Amino acid sequence: MRKKVAVVILNWNGKKWLEKFLPIVVKNSSVEIADVYVADNCSTDDSIKWVNDNLPEVKIINNTSNNGYAGGYNQSLKNIDAEYFVLLNSDVEVSEKWIEPILEIFEKNKNIAACQPKILSYSEKNKFEYAGGAGGFIDRIGYPFCRGRIFNSIEIDTHQYEKEEEIFWASGCCLFIRSANFFEVGGLDIDFFAHMEEIDLCWRLKNKNYLIYYCPSSVVFHVGGGTLNAVNPQKTYLNFRNNLYLLTKNLPSKFFFRTLFLRMTLDAVAGFKFVLQGDFNHLIAVLKAHRDFYTNFKKMYSKRKDNNIDNREKILSKVFNGSIVWNYYIKRNKTFTSLNKNNFY
C-alpha cells in the first residue's frame, strides 16, 4: 500500500550515524503515514547489514554508484512511490510528531512545494544549527544565510522564529518536498554533487511560482559536518564552485553579468583573505572552483532555458535586496532580526 510519506536517508559508510539515529527515526515516524528508507551509495562498511539485522522494517535501496547527495537521491527517489519525500541526513535526531505538522502545512496550501522544520544543534540544543536554522534566505549577490545563522554567527533559540512562514530555501539536511514537484523540475542537479543543491532545487521551484515554507512546530537536531567538516578544503571548493553554478542557472538576465562579476570579485577578496591567514589549501580550493566553473560555464548556462527565469509573474520573494556581506562585516548585523525587514522582497 502506498504511504503518504517516504523518509529517505542517504548513506555512505555511515554505520555510526545509523546506529545512533535511525532507531529514533523509526520510532518517531508513524507507520500509518510513513515508510523509512536507507538509500545506500555503495558503502564499503557493514552499515546495510546492520540495518537489515536490527531494523528489518526499514526498506533498503542499493544505488549502483556513489554520485553524491544529488545523484544519490535522484537515483533512489525514482524507485519510491509516495506523495511526499523527506530527504533526511543520517546525522539527524528527529523529535516526536516531527512529520505531522509539516503535512498540515502542505495540506493547507497546495502551492507549497517544499518545507523544512526548525533545525537545532545536536550538541547545543538551545542553539540553531548551521545547515538550516529556521529557514534559508539569499541576498541579491547570491550569498545564502539562515534565520538563526549568518555566516558563522549562530543564534540561541529563544523562540524568536515561531511563525509558519515563507522562506527562500529549505535545508537539505531535512527537506520535505512533494514528489510531483521534485520530478517536475528534474530533481536535484547532479553537477553540484554536494552542497547548495537544495538551494538550486528551491530556486527552480520558486521560478515556477511555487512556495517554500518553514514549520517551527516540527523540530530536529543536526550534528553537522558528518560528511565534510567546515575546515575541509573540499567543502570550500564545493561551496565556491556551486554558488557560481547556482547564480549562472537561476539569475534573471537583467541581473546576470553584473551580479556574477561582483560575486567573482568578492571571491577574489576571500582568496586574498586565505593568503593572509596562511590557509593555502583553501586558496587552492577557491582557484580550483573557479577553474572548474569556467570549464563548465557553457553547460551550466544552457540549463537556464528550463528554469522559467525570465517568465516569472514577479520578482522572487524572500530575497534580501542588499549585501549580507556588507551588513555582517561592516554594519555588524550578526542576527537575522537585525536586518532591515523592508529590504526583503
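Quick check on the stretch 270-345: take the gyration tensor over C-alpha atoms, sort the square-rooted eigenvalues as a ≥ b ≥ c, and tell me if it's rounded (a/c under 1.5), prolate or oblate.
On the way: a/c = 4.48, a/b = 1.07, b/c = 4.17.
The shape class here is oblate.
Cut-off is 10 Å between beta-carbons; in what order do C173, C146 appear when sorted fewest neighbours first?
With the sparsest Cβ surroundings first, the list reads C173, C146.
Counting Lys and Arg as +1 and Asp and Glu as -1, each charge on the Cβ, what is the dipole of the chain about the Cα centre in debye, to the nearest 20? Could you put the intermediate results ahead of the total?
Working: 45 positive and 37 negative charges, 295 e Å.
So the dipole magnitude of the chain works out to roughly 1420 debye.
Please sort through the DSSP H helices of the chain and keep those with an alpha-carbon extent of at least 27 Å along the long axis and a Kyte-Doolittle average not below -0.5. Could you put the intermediate results ahead of the total?
Numbers: long enough: 253-277 (36 Å, 0.78).
Those that clear 27 Å and a mean of -0.5 are 253-277.
Rounded, prolate or oblate, given the Cα gyration tensor of the stretch 16-165, with a/c below 1.5 counting as rounded?
Details: a/c = 1.58, a/b = 1.50, b/c = 1.06.
Prolate is the answer for the stretch 16-165, as a/c is 1.5 or above and a/b outweighs b/c.
Can you list which of the GluC sites (Glu not before Pro) found in the stretch 117-204 are DSSP loop residues with at most 13 other C-beta atoms within 10 Å? Can you show the working numbers first?
Working: sites: E124, E129, E155, E162, E164, E165, E166, E184, E197, E198; in loops: E124, E129, E155, E162, E164.
In loop regions of the stretch 117-204 (DSSP not H, G, I, E or B), the sparsely surrounded GluC sites (Glu not before Pro) are E124, E162.
As a test, work out the antiparallel percent of DSSP beta bridges whose residues both lie in the chain, rounded to the nearest 5.
Working: 23 of 51 bridges.
Given both bridge residues lie in the chain, the antiparallel proportion sits at roughly 45 percent.
Please give the FRET efficiency for F297 paired with Q277, using the beta carbon to beta carbon distance and R0 = 25 Å, rounded to the nearest 0.05.
Working: r = 29 Å, r/R0 = 1.15.
For F297 and Q277, the calculated efficiency is 0.30.
Quick check: residue separation of D53 and K97 times 0.36 nm, minus the Cα distance between them. What number comes out in nm?
On the way: separation 44, 0.36 × 44 = 15.84 nm, distance 2.63 nm.
Length gained between D53 and K97: 13.2 nm.
How about the stretch 4-96: which GluC sites (Glu not before Pro) there are in a DSSP loop, with at most 15 other Cβ atoms within 10 Å of their Cβ?
Values: sites: E19, E32, E57, E83, E93, E96; in loops: E32, E57, E96.
Hits after loop and neighbour filter: E32, E57, E96.
Could you give the length gained on full extension between N308 and E165, defined as 0.36 nm per residue of separation minus the Cα-Cα distance, in nm?
49.1 nm
For the cross-link pairs K49/K299; K16/K273; K298/K318, which exceed 31 Å when the distance is taken from alpha carbon to alpha carbon?
Working: K49/K299 40 Å; K16/K273 36 Å; K298/K318 29 Å.
Violating the 31 Å limit, Cα to Cα: K49/K299; K16/K273.
Zone of K288 (label point 7 Å along Cα→Cβ, backbone N under 18 Å): which residues in the stretch 162-198?
Residues 191-196 qualify, since their backbone N sits under 18 Å from the label point.
Take the alpha carbon atoms of the stretch 146-220, find their center, do the same for the stretch 4-53, and report the distance between the two centers in whole angstrom.
Spelled out, the Cα-based centre of one part sits 22 Å from the other.
Which ³J(HN,Hα) values, rounded to whole Hz and listed in residue order, are derived for the stretch 31-37 from phi using the Karplus coefficients 6.51, -1.76 and 1.60 in 6.51 cos²θ - 1.76 cosθ + 1.60 with θ = phi - 60°, glycine and proline given as x?
5, 5, 10, 9, 9, 10, 10
In vacuum, with every alpha carbon of the stretch 229-312 counted as one equal point scatterer, what does the Debye formula give for log10 I(q)/I(0) at q = 0.14, 0.17, 0.24, 0.25 Å⁻¹? Two decimals, please.
Cα-only, vacuum Debye calculation for the stretch 229-312: -0.51, -0.70, -1.13, -1.19.
Eigenvalues of the Cα gyration tensor times 5, then square-rooted: what semi-axes does that give for the stretch 115-189, in whole angstrom, largest first?
Details: eigenvalues 106, 42, 26 Å².
In descending order the semi-axes read 23, 14, 11 Å.
Given N250, S171, L18, which one lies farthest toward the positive end of the charge dipole of the chain, if we put +1 on the Cβ of every Lys and Arg and -1 on the Cβ of every Asp and Glu?
Selected residue: N250.
Quick one: which of K4/K125; K3/K78; K254/K303; K163/K334; K249/K331 span more than 25 angstrom between C-alpha atoms? Show your work: numbers first, answer last.
Values: K4/K125 30 Å; K3/K78 15 Å; K254/K303 17 Å; K163/K334 21 Å; K249/K331 30 Å.
With Cα atoms farther than 25 Å apart: K4/K125; K249/K331.
Quick check: from the Cα gyration tensor, does the chain come out rounded (a/c under 1.5), prolate or oblate? Please report the intermediate quantities before stating the final value.
Details: a/c = 1.45, a/b = 1.35, b/c = 1.07.
Because its axes are fairly even, with a/c under 1.5, the chain counts as rounded.
Kindly put H282, H290, H222, H159 in sequence by how many other C-beta atoms sit within 10 Å of each C-beta, fewest to most.
Working: H282 22, H290 17, H222 25, H159 7.
Starting with the residue having the fewest Cβ neighbours, the order is H159, H290, H282, H222.
Read the figures in this text as sums done on the coordinates, not as results from a lab. Being a predicted model, the structure only gives us computed values, none of them experimental. Reconstructed Cβ throughout: ideal geometry from the backbone, glycine too, with neighbour counts over all protein chains shown.
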